[in-house]
1. If the Cβ limit is 7 Å and pairs must be 6+ apart or interchain, which residue in region 49-60 that is within 10 Å of ILE121 (Cβ to Cβ) pairs with which residue that is part of a helix (DSSP H, G or I)?
2. Condition first: over 23 Å from GLY392 (Cβ atoms) and of a type in the set (Gly, Ala, Ser). Now tell me which residues in region 413-446 satisfy that.
3. Any residue at all in region 431-438 that's buried (at least 22 other Cβ atoms within 10 Å of the Cβ), part of a strand (DSSP E or B) and within 19 Å of the chain's Cα centre (by Cα)?
4. Of the conditions (1) closer than 30 Å to GLU232 by Cβ; (2) modelled with pLDDT under 95, SER155 fails just one. Which one is it?
5. If a residue must be in a helix (DSSP H, G or I) and surrounded by 16 or more Cβ atoms within 10 Å (Cβ to Cβ), how many such residues does region 250-287 contain?
6. Which is in the same structural domain as PRO78 (by TED's automatic domain parsing), in contact (Cβ under 8 Å) with a residue 60 or more places away in the chain, surrounded by fewer than 24 Cβ atoms within 10 Å (Cβ to Cβ) and not aromatic (Phe, Trp, Tyr), of SER175, SER170, SER153, SER134?
7. Of everything in region 198-215, what is within 13 Å of the chain's Cα centre (by Cα) and surrounded by fewer than 24 Cβ atoms within 10 Å (Cβ to Cβ)? Give them in sequence order.
8. Failed condition for PRO296, given (1) more than 21 Å from GLN353 (Cβ to Cβ); (2) at pLDDT below 95, with all others met?
Amino acid sequence: MELTNLHSLSAAEAAGLIRDGVISSAQLVESCLARIREVEPGVQAWAFLDPDYALAQARAADERRLTGQPIGALHGVPVAIKDIFDTADFPTEYGSPIYAGHTPSRDATVVALLRAAGAVILGKTVTTEFAYFSPGKTRNPQNPEHTPGGSSSGSAAAVAAEMVPLAIGSQTNGSTIRPAAYCGVVGFKPTHGLISRYRALALSRSLDHVGLFARSIGDIALITERLVGYDENDPDTKPRAPIPFSQIAAEEPPLTPMFAFIKTPVWARTDEDTKLGFAEIIEQLGSQVEEVELFPSAEKAWEWHQTIMSAEMASNLERIWQRSVGGLSEQLRWQIESGRKALAIDYQRALTQITPMQESFLELFEQRYDAILTPAAPSAAPKGISSTGDPGFCTLWTLCGMPSVSLPLLESSDGLPIGVQLVGARNGDAKLLRTARWLAAKMAAT
């Protein structure tokens, strides 16, 4: 087959071709590296990349297959890793010069699981400083004058620019869904605790999630299936039976999905393109969507999220703040210092609000709806690179630990992608991906 555009293959396609001996992992990785050489100067998605080492991993994967040894579902497929996850063979610098050259001794759990599935760890992608707001060097592949979002900017941009089919990110507020929306790829934030965060930068135990990027729902399901599981080193993970994400995501829903369109208080910040785009989706869905008011008890969720995030970040980053306060951005210093001033009663009160909100949303799903429909961000990627954009449409769902996915279904008047966010019931991640695939197919057919 034609080998010049292998970088544009989906992960599932690439894994199948490698498994069947049609292409080699080395050919696929070389194609991705050629693509990186072509577009990386304008995108700047990578924090660390060693082409020779990437090819060495690929050749080892090919040798393993040729000698008849067992291979995993991602055998020979390159994956990019956000530079907040520990990697024993790459530097992990957390987007800060304070950690320049820092190389951990062990892999993060998600990295180890990817290796076990046969993936080639292509390199480390750019993160904002300590996965907070201060931007890195990455530019939006759709238009370099616009932000790629954050904090998982490099991961989203690398997938969007077809440098790699899969990438790992994270989300504590909107750090996966927002850059996926801005860069025009699929972004997935699973249920809190579904995927281990062990040996990833800890900002907030209550809010930190692993995030995933791909160019299709099928690829998101494929990589999620490899990463879900109990890890004794992450107390928020739980033993669970294996979930066939790929199978469920590919199935037709047993009934036509019903959507709850929830604007939330952030709707007031949406631009005209986003409003018009959602009006079009609602018209296409017809009787399969109903507008639902956000229950009053959740209207302070954004305030509670800020209280929890600032307090837990202040605790987790205290040593860095004490030793290197002069090396931190003004934004991060403000956040840590705000958390240091937080009252214990306010923090505990905010934590106690999460469970009642989760229960209220569960009732919503049990009554009638398959997914909540809402924007991923108030607009397409804003112009300028000094800000990563507004995460407000992600805050509530992150606080509640509910799974969410961003789909690049809309376009702004100036041709930039606008993300459509679907939110599902906690631990209903596979069903959410099935519903997302259904919606993407329906919109593509109209």
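The values are calculated or read from the model by the stated rules, or taken from the named source; none is laboratory data. From a predicted model like this one, the values you see are computed outputs, not experimental measurements. Here the Cβ is made from the backbone with ideal geometry for all residues, glycine too, and neighbour counts use every protein chain on show.
1. Listed by first residue and then by second, the contacts come to ALA54/VAL29; ALA54/LEU33.
2. GLY415, GLY428, ALA430, ALA440, ALA441, ALA444, ALA445 - these are the residues of region 413-446 that are over 23 Å from GLY392 (Cβ atoms) and of a type in the set (Gly, Ala, Ser).
3. no
4. Against the list (1) closer than 30 Å to GLU232 by Cβ; (2) modelled with pLDDT under 95, SER155 comes up short only on (2).
5. Selection size over region 250-287: 9.
6. So the residue among SER175, SER170, SER153, SER134 that is in the same structural domain as PRO78 (by TED's automatic domain parsing), in contact (Cβ under 8 Å) with a residue 60 or more places away in the chain, surrounded by fewer than 24 Cβ atoms within 10 Å (Cβ to Cβ) and not aromatic (Phe, Trp, Tyr) is SER134.
7. ARG215
8. All conditions pass for PRO296, except number (1).
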